[in-house]
Amino acid sequence: MCTSGRPFRLQTVRVVAEDDSVVQPGSGAVGEVQCRGSTVFDGYWNDPEPTAKSFAAATPEDPQQRSWFRTGDLATVDSRGYLSVVDRKTDMVLVGSENVYTVGRHAPPPESTHSINRQVLSSEL
C-alpha cells in the first residue's frame, strides 16, 4: 500500500475517529480526514445546511472547531505523519461538479449471471 503523503504547509490535517478523538499517528486506527487552512473553502455559497454537515461543529473547548472540513475520506496515519486513504464514508465523490459513484455501487454482485453487465465491466478493465 502506498501513502497519500503528508500535508503541505498551508494546511493542517488530522484524522478523527468515530468518537471524535484524534487518531494517534502509528496507532493503525482508521478515521475521517479533516483539514483546515487558508486553501480550504469556508462553505457552500448560500447553502448553510450542507456547509454545517461538511464542517466539524464548534465546541466550548475548541471554538475554532468549525473550521475543520470533513473530507469524507477514511485513512490511517503512520508514525511519520503519512496518510493512507483506505476508504470513503460514502460511495460518492464530486468530480468537476458531477456526482461520481464507485463501481461497486452499480456493479452486479459476483454471483450475478447478467451477461450485459459482465461485458461492460470487462471492457472497462
Can you give the Rg/Rh ratio of the stretch 1-89, where Rg is from the C-alpha atoms and Rh is the Kirkwood radius?
0.97
Mind putting a number on the dipole of the stretch 1-89 about its Cα centre? Charges go on the C-beta only, +1 for Lys and Arg and -1 for Asp and Glu, and I need it in Debye to the nearest 20.
380
Qualifying chymotrypsin sites (Phe, Trp or Tyr not before Pro) in the stretch 1-58, DSSP loop, other Cβ atoms within 10 Å at most 13:
8, 41, 44, 45
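Only the coordinates and a few stated rules stand behind these numbers; no lab work does. If you're wondering where the values come from, they're calculated on a predicted model, not measured in any experiment. With ideal geometry, Cβ positions are generated from the backbone for all residues, glycine too; neighbour counts draw on all protein chains shown.
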